[in-house]
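Working notes, structure below.
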Amino acid sequence: MGSRRAKPSKIVGRVGADPVPNRFERTHLVPDLEQLAGDDVLLSPRRSVPTQFLPDDARSIIRENDSPDIPFRFSVNPYRGCEHGCAYCYARPTHETLGLDAGLDFESKILVKRNAPRLLREELGRPKWRGEPIMMSGVTDCYQPVERKLQITRDCLVVMLEARQPVAIVTKNAMVLRDLDILSEMAARGLVRVMISITTLDAELARSMEPRTATPAARLRTLSELSAAGVTTGVMVAPVVPGLTDEEIPAILDAARRAGAATAGYQLLRLPLSVRPIFFEWLARAMPLKRDRVESLIRSTRAGKINDAEFARRMRGTGPYAEQIARTFSVFKKKLGLDTRLPLLDSSQFRAPRAASGQMRLF
């Protein structure tokens, strides 16, 4: 009689369960838990997975992107992998290029660029750099939990303030308020904009889908405090999950506007490569009765597929349901006054920062 694999047990504070096969590896390890399925003592170590922080000896920190549907050219990411562990994170497959998996490894093995502030100082000091705006968190969140201790993002902002370097930040963590002293000074010079990502106002859903992020209420408070301090803020309704969070668009925009947001954007759910099985495993476990409907609606926005990687279409989708989401967002964005065109971040004040050695530049 053939054996049957036990279902993966829920890991506390994590979306990932069993390892997700790495598309670059030929050998895949599959845990055999059948004999342990009823043994809480033996299974307990698997139910709590500590986060490991690994050194990332990066040689550069400012990355250039030429994707036509991404509204920034340069970005800085102090971390690879993200402890927030969002079920839908499109960045998960980047961990596979490191020989790790996009599931639990992405959430629990975080590569840390401790030399990011030094590299940033060096790269901003190069003669060819002209102060073009930089996006913080172009891939993973620069305010994930370990930032409270390591302060790499804060140290990068110190360098940017010194150089009068304009920066846009997107985060779903209230920890950004820790750096309000720097951000408010940058804001007074027209050098910074902060977008807070809010996927849902449902605290239970957020805790399940985005297990280590700030609560929706905390994100709204963050918008309010940043705005009160003079920082231009906006809300990113991202991702919009068809059949799960799309109905919340009006409420999210209204709550964000009341909290002081000046602008808003959205992106449709993207499920590239290994993100697909991770998201659907989470959905089947967290809300099995909605799984089939959500999948059906996702396919209706992707021409029958789960994902569409084509530029322009990948962010918005196609078809009647995607158009309905776009119209809803547009109508309420305009109704709430979130469609005002904001001034560009000011690059004219840029000046090369002092070299790490303290030596001044001759030219």
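The values are calculated or read from the model by the stated rules, or taken from the named source; none is laboratory data. Keep in mind that this is a model prediction, so the values were computed, not measured. In this analysis, Cβ positions are derived from the backbone assuming ideal geometry, glycine residues included, and neighbour counts consider all displayed protein chains.
Here are the numbers:
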read-out	value
Residue list for the range 103-122, restricted to those being closer than 22 Å to residue 88 by Cα, surrounded by 22 or more Cβ atoms within 10 Å (Cβ to Cβ) and in contact with a strand residue (DSSP E or B) (Cβ under 8 Å, 6 or more places away or on another chain)	110
Among residues of the range 247-270, those that are surrounded by fewer than 22 Cβ atoms within 10 Å (Cβ to Cβ) and hydrophobic (A, V, I, L, M, F, W, C), counted	5
Single residue of 66, 101 found to be over 24 Å from residue 316 (Cβ atoms) and more than 16 Å from the chain's Cα centre (by Cα)	101
Residue within the range 50-61 that is modelled with pLDDT under 70, more than 28 Å from residue 269 (Cα to Cα) and either surrounded by fewer than 17 Cβ atoms within 10 Å (Cβ to Cβ) or of a type in the set (S, T, N, Q) (or both) present	no
Whichever residue in the range 307-332 is among the charged types (D, E, K, R) and within 22 Å of the chain's Cα centre (by Cα) and, among such residues, is nearest to residue 262 (Cα to Cα)	316
In the range 236-291, the residues that are under 19 Å from residue 321 (Cβ atoms), touching a residue at least 40 places away in the same chain (Cβ under 8 Å) and aromatic (Phe, Trp, Tyr)	266, 279
Options 22, 65; residue that is surrounded by 10 or more Cβ atoms within 10 Å (Cβ to Cβ), touching a Gly at 6+ places or on another chain (Cβ under 8 Å) and at pLDDT 85 or above	65
Helices (runs of 4 or more DSSP H) enclosed by the range 166-248 - at least 3 residues per element that are under 30 Å from residue 314 (Cα atoms)	203-209, 216-228
Tabulated pairs, the range 167-193, first more than 16 Å from residue 137 (Cα to Cα), second modelled with pLDDT of 95 or more and assigned to a strand (DSSP E or B), C-beta under 8 angstrom, 6+ apart or interchain	186/167; 186/192; 187/232; 191/167
Enumerated helices (runs of 4 or more DSSP H) restricted to the range 261-361, each holding at least 1 residues that are closer than 12 Å to residue 242 by Cα	291-300, 313-316, 320-335
Residue list for the range 144-185, restricted to those being in contact with a Gly (Cβ under 7 Å, 6 or more places away or on another chain) and surrounded by fewer than 17 Cβ atoms within 10 Å (Cβ to Cβ)	184
Any hit, the range 147-155, residues being touching a helix residue (DSSP H, G or I) at 6+ places or on another chain (Cβ under 7 Å), assigned to a strand (DSSP E or B) and more than 22 Å from residue 263 (Cα to Cα)	no
Index of the failed condition, residue 70 passing every other in (1) among the β-branched types (Val, Ile, Thr); (2) under 19 Å from residue 214 (Cα atoms); (3) at pLDDT below 95	(2)
Set 214, 188: member being surrounded by fewer than 19 Cβ atoms within 10 Å (Cβ to Cβ) and under 23 Å from residue 153 (Cβ atoms)	188
Subset of the range 118-166 [in contact (Cβ under 8 Å) with a residue 60 or more places away in the chain and acidic (Asp, Glu)]	122, 123, 132, 141, 147, 162
